[in-house]
Amino acid sequence: MSNTITLTYTISGDDFTRAGEASSDVKKKLKQMGAKPEVVRKVAISMYEGEINMVIHAHGGEITVHISSQEVIIILNDEGPGIVDVELAMQAGYSTAPDNVRALGFGAGMGLPNMKKYSDDMKIDTILGEGTTVTLKIFM
Amino acid sequence: MTKQEFIRRCNFTVINEGNNLNTEVKTPFCCDLLSIAMSKIPAGSAWVTVMGNINTLAVATLTEAACVILAEGITLDAAALSKAKSEAITILATDLSIFEAAYEVYQIIHASVDL
């Protein structure tokens, strides 16, 4: 794995039937590359939470994943409403998810906290009315 | 205990047998909130839940749960059943409560250890 591999995914908004496909694909590729199981798990969990957030809150978006021998960088970019209060959104249990989303088993307010917990570095750039970019880094 | 052996011994209905039947079933796990399940499920779990939708299957796959056990008579919706078949995910079902189903899983796993 001397070179960097870049993967891109388009995430459909409000389509819960396809949510998780991008994360599953990255997980499969990492396993094929022989990444350590704990790395695969961290990537799968943090990316899936990001993917779900895009579906729930941002009408979809784009995910770019860079895989090198040192790290996996996941860039989740959406043109959604932005995050009003990032600090509040980072609190476990805080959620703005609507009832129909909660009925599916989401909206526990664990999305961003899980992304932080399972990545080695996380950066949130958000502009209200324009969108959000979350960058996750997981070391190999 | 392998998943194949687990399926043979349990009294749950097999909705979809799935693959990786030589995977080890290690522990029962109970949770219905997917984000919490996502971060907590140990690999190789028999995940007992009442959430029978397609997102449950995505979480089960990503966390490498051994199988999903739908409790309380819950069934998979059509989209989820189709996904379970195409992804070969093991789905079992029971009318038992979540606790009773998880306890049965525990007993089956530990009975095999005692033998």
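Assorted remarks:
- Remark on the stretch B:10-51: accessible area falls by at least 10 square angstrom from chain-alone to full-complex state for B:Leu33, B:Leu34, B:Ser35, B:Ile36, B:Met38, B:Ser39, B:Lys40, B:Ile41, B:Met51, probe 1.4 angstrom.
- Span-rule helices in chain B, defined as complete DSSP H runs reaching 15 Å or more along the axis (Cα) with Kyte mean at least 1.6: none
- Residues in the stretch A:110-117 carry Karplus couplings, in order, of 10, x, 5, x, 5, 4, 5, 5 Hz; the curve used is 6.51 cos²θ - 1.76 cosθ + 1.60 with θ = phi - 60°, and Gly or Pro positions show x.
- Dipole magnitude of the stretch B:1-113 about its Cα centre (Cβ charges: Lys, Arg +1; Asp, Glu -1), debye to nearest 20: 220 debye
- What chain B shows is 43 Å² of accessible area per residue, with the surface traced by a 1.4 Å probe over protein heavy atoms.
- Dipole in debye (nearest 20) - the protein assembly as shown, about Cα centre, beta carbon charges: Lys, Arg +1; Asp, Glu -1: 800 debye
- Contact order relative to length of chain A, as percent, for alpha carbon pairs under 8 angstrom and 6 or more apart: 28 percent
- One decimal place: the segment A:Ser69-A:Glu130 gains 18.6 nm when fully extended, by the rule 0.36 nm per residue minus the C-alpha distance.
- Inter-centroid distance (Cα atoms) of the stretch B:3-49 relative to the stretch A:1-43, Å: 22 Å
- Long-range HN-HN contacts of A:Ala108 with modeled amide H, under 5 Å: B:Ser35
- Label-point separation in nm, B:Glu87 to B:Glu5, each point 7 Å along Cα→Cβ: 2.7 nm
- Backbone HN-Hα couplings from phi across the stretch B:9-25 [Karplus 6.51/-1.76/1.60, Hz, Gly and Pro as x]: 7, 7, 9, 7, 6, 8, 7, 8, 5, x, 10, 6, 6, 8, 4, 7, 8
- Computed from the C-beta positions of A:Asp14 and B:Ala43, the FRET efficiency with R₀ = 35 Å rounds to 0.70.
- Axis angle, to the nearest 10 degrees, between helix A:37-57 and the longest C-alpha principal axis of chain A: 30 degrees.
- Dipole of the protein assembly as shown, positive end: most advanced residue of A:Val55, A:Val43, A:Thr4 [Cβ charges, Cα centre]: A:Thr4
- Å² of accessible area per residue within chain A, as computed with a 1.4 Å probe and no ligands counted: 48 Å²
- With the convex hull of its Cα atoms as the shape, the stretch B:34-115 has an orientation-averaged projected area of 5.3 nm².
- Karplus-based coupling profile of the stretch B:65-70, in residue order and whole Hz: 5, 6, 7, 10, 10, 8, with θ = phi - 60° in 6.51 cos²θ - 1.76 cosθ + 1.60 and x standing for Gly or Pro.
- Net dipole in debye of chain A [+1 Lys, Arg Cβ; -1 Asp, Glu Cβ; about Cα centre; nearest 20]: 740 debye
- Between B and A, roughly 1800 Å² of accessible area is buried in total, ligands, DNA and RNA not counted and the probe set to 1.4 Å.
- Using C-alpha pairs under 8 Å with a sequence gap of at least 6, the mean separation divided by the residue count of chain B gives a relative contact order of 32 percent.
- Inter-part distance where the stretch B:52-85 and the stretch A:44-65 are each reduced to a Cα centre, Å: 20 Å
- For chain A, the longest principal axis of the alpha carbon atoms and the long axis of helix A:21-33 meet at an angle near 20°.
- The GluC sites (Glu not before Pro) of the stretch A:8-66 include none that meets both conditions, a loop assignment by DSSP and at most 13 other Cβ atoms within 10 Å of the site Cβ.
The values are calculated or read from the model by the stated rules, or taken from the named source; none is laboratory data. Quantities reported herein were computed from a predicted structural model and do not represent experimental measurements. Here Cβ is always computed from backbone atoms with ideal geometry, including for glycine, and neighbour counts include all displayed protein chains. Heavy atoms of the whole protein, side chains included, go into the accessibility calculation; ligands, DNA and RNA do not. Shrake-Rupley method; radii C 1.70, N 1.55, O 1.52, S 1.80 Å.
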